[in-house]
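> The structure's right below; bear with me while I get my questions together.
The values are calculated or read from the model by the stated rules, or taken from the named source; none is laboratory data. These figures come from a predicted structure and were not determined experimentally. Positions of Cβ are generated from backbone atoms using ideal geometry, with glycine treated the same way; all protein chains shown enter the neighbour counts. We work out accessible area using only protein heavy atoms, side chains counted, and drop any ligands, DNA or RNA first. Shrake-Rupley method; radii C 1.70, N 1.55, O 1.52, S 1.80 Å.
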Amino acid sequence: MKCARACAWGGGTIINAIATGLGAAFPISMRATAEVCEAERDSVSTYADVDMGPVLRAVALVREKLGLGPLSVRIEGDLPTAGGLKSSSATLNAVIRAAAELAGVKLDLFDAARLNAQISREVGISVTGAFDDAVASAVGRAYLTDNFKLVVIRELDVSGRAVVLIPPWEKRRHKLEEMGALAPVVRVAVSHAGLGMWKEAMLINAVAYGYALGYPPDPLLDALKLGAVGGVSGTGPSHVFVAEDPERLAQALAKYGKTYVVDIPRGPCEA
Ligand SMILES: Nc1ncnc2c1ncn2[C@@H]1O[C@H](COP(=O)(O)OP(=O)(O)OP(=O)(O)O)[C@@H](O)[C@H]1O
Ligand SMILES: O=C(O)C1=C[C@@H](O)[C@@H](O)[C@H](O)C1
């Protein structure tokens with residue numbers, strides 16, 4: 001039986017696309033790796049404690065699109081599935097890249113992300129398709145994207161290191177009406193990102209979505225006081241901050257939950 005392996009990055013939010021359809025994300029150096037093998041029937045195993053229904057449906061769609069038979073998929077990695085860290089985008093990117101190799105299909109990383117967005121909408125693991133997350137995860141760079149048109153608007157120059165905070169708060173992704181109500185503010189973030197001003201965009205986004213989703217503002221305020229930028233990632237509860245002195249910030253935020261210092265990759269994940 002032939003097998004292939006590929007990996008993809010998790011990520012953090014600059015602008016959550018749920019309110020406007022336009023979003024931006026950057027990669028973080030936590031990954032999901034997929035080993036995909038020809039098999040007698042579809043199966044998926046993973047390191048994560050997640051509902052396997054959506055990923056199984058996604059694998060069936062990936063192999064249909066690539067003209068493959070049944071697949072056994074094993075997902076490994078260090079990317080937490082706490083919510084907000086783009087674990088579904090990374091998992092699906094890793095599966096798509098490995099399956100494409102198995103099928104002998106040359107798939108450009110942006111096209112892999114497009115397929116990811118189409119499938120993630122179809123199986124219901126994202127609202128907009130999360131093309132912003134999928135591109136950052138596959139290409140390993142930060143971009144502003146239009147998730148409905150599946151186009152990249154521009155690259156954003158995000159580099160250095162980041163702090164991931166995973167607080168013990170429940171997910172609030174069902175608050176679609178609240179997120180939509182903040183669209184006028186999120187459009188201001190999009191205007192800034194369009195000019196390359198991603199730090200301003202990230203702060204406006206964090207304040208808007210933090211408010212709409214009702215997360216406590218304390219981690220964001222503490223991070224701002226220490227000169228970092230960031231806030232809630234996606235719909236949370238994870239928060240992500242880009243910081244000059246990430247060790248100091250991680251220490252300051254440890255009272256809110258688990259913290260990790262991560263790199264911001266500058267290229268695709270290599271398995
Ligand atoms: N590490 C993983 N291994 C296998 N399947 C996964 C993994 N992460 C996500 N999935 C699949 O995607 C579905 C949605 O997961 P989840 O909502 O936690 O994604 P997420 O990307 O972490 O969330 P967010 O969009 O908030 O960052 C899961 O039910 C599962 O089917
Ligand atoms: O479900 C979605 O469409 C999205 C979820 C979050 O990750 C967002 O950050 C992303 O921009 C869009």
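> For n ≥ 4 DSSP H runs only, could you compute -39500 (n - 2.57) per run for the chain, divide by its residues and tell me the 222 nm figure to the nearest 500?
One gets -12000 deg cm²/dmol as the mean residue ellipticity at 222 nm.
> While we're looking at this one, here's another question. Could you tell me how many degrees, from 0 to 90 and to the nearest 10, lie between the Cα long axis of helix 109-122 and the main elongation axis, the longest principal axis, of the Cα atoms of the chain?
So the inclination is approximately 90 degrees.
> What spacing in nm lies between the two simple spin-label points modelled at ASP218 and ALA181, each 7 Å away from Cα in the Cβ direction?
Roughly 2.5 nm, to one decimal.
> Right, here's the next one. SER191: net charge of surrounding residues, Cβ under 15 Å, Lys/Arg +1, Asp/Glu -1, itself excluded?
+1
> Working from Cα positions, state the angle (0 to 90°, nearest 10) between the long axis of helix 87-103 and the longest principal axis of the chain.
Value to nearest ten degrees: 30.
> Given a Förster radius of 41 Å and the C-beta distance between MET52 and ALA254 as r, what FRET efficiency does 1/(1 + (r/R0)^6) yield to the nearest 0.05?
Here the calculated transfer efficiency is 0.80.
> About the Cα centre, and with charges only on the beta carbon of Lys, Arg (+1) and Asp, Glu (-1), how big is the dipole of the chain? Nearest 20 debye, please.
180
> When a/c reaches 1.5 or more, the comparison of a/b and b/c decides; with that in mind, is the range 161-263 rounded, prolate or oblate per its Cα gyration tensor?
Since a/c reaches 1.5 but b/c is at least a/b, the shape of the range 161-263 is classed as oblate.
> Indicate the gyration tensor shape class of the range 122-172 (rounded, prolate or oblate), computed on the Cα atoms with a ≥ b ≥ c the square roots of the eigenvalues: a/c under 1.5 is rounded; otherwise a/b larger than b/c is prolate and the rest oblate.
oblate
> Next question, about the same structure. Using the heavy atoms of the protein chains and a 1.4 angstrom probe, tell me the accessible area per residue for the range 12-84 in square angstrom.
39
> Taking +1 at the Cβ of each Lys and Arg and -1 at the Cβ of each Asp and Glu, which of HIS192, GLY231, GLY214 sits farthest along the dipole of the range 161-263 towards its positive end, judged by Cα position relative to the Cα centre?
GLY214
> For the pair LYS225 and ASP42, what calculated FRET efficiency results from E = 1/(1 + (r/R0)^6), where r is the Cβ-Cβ distance and R0 = 45 Å, to the nearest 0.05?
Efficiency computed from Cβ-Cβ geometry: 0.35.
> To continue, here is another question. Return one number: the angle in degrees, 0 to 90 and rounded to the nearest 10, between the long axis of the Cα atoms of helix 198-213 and the longest principal axis of the Cα atoms of the chain.
Here the helix axis deviates by roughly 90 degrees.
> At a 1.4 Å probe radius, carbon and sulfur cover how many percent of the accessible area of the chain?
That fraction is 51 percent.
> Given +1 on the Cβ of Lys and Arg, -1 on the Cβ of Asp and Glu, and no further charges, what dipole in debye does the range 104-162 carry about its Cα centre, rounded to the nearest 20?
40
> Pop out the ³J(HN,Hα) list for the range 55-71 in order, Karplus 6.51 cos²θ - 1.76 cosθ + 1.60 with θ = phi - 60°, rounded to Hz; leave Gly and Pro as x.
In residue order, the calculated couplings are 5, 5, 5, 5, 4, 4, 5, 4, 5, 4, 4, 9, x, 9, x, x, 10 Hz.
> For a protection proxy built on the mean count of beta-carbon atoms within 10 angstrom, sort 82-91, 249-258 highest first, please.
Output ranking for 82-91, 249-258: 82-91, 249-258.
> Can I ask one more? Work out the count of Lys pairs in the chain where the Cα-Cα distance is under 24 Å, with the pair 8 or more places apart or on different chains.
Close lysine pairs under the 24 Å cut-off: 19.
> Working out 0.36 nm times the residue gap between ARG74 and ASP245, then minus their Cα-Cα distance, what length gain in nm do you get to one decimal?
58.0 nm
> Multiply the residue gap between GLU270 and SER191 by 0.36 nm, knock off their C-alpha separation, and tell me the result in nm, one decimal place.
So the chain would gain 25.1 nm between GLU270 and SER191.
> If you take every residue apart from HIS239 with its C-beta less than 14 Å away from the C-beta of HIS239, what net charge results, scoring Lys and Arg +1 and Asp and Glu -1?
Result for the neighbourhood of HIS239: +3.
> Please compute the length gained on full extension between GLU170 and VAL151, using 0.36 nm multiplied by the number of residues separating them and subtracting their Cα-Cα distance.
Answer, rounded to one decimal: 3.6 nm.
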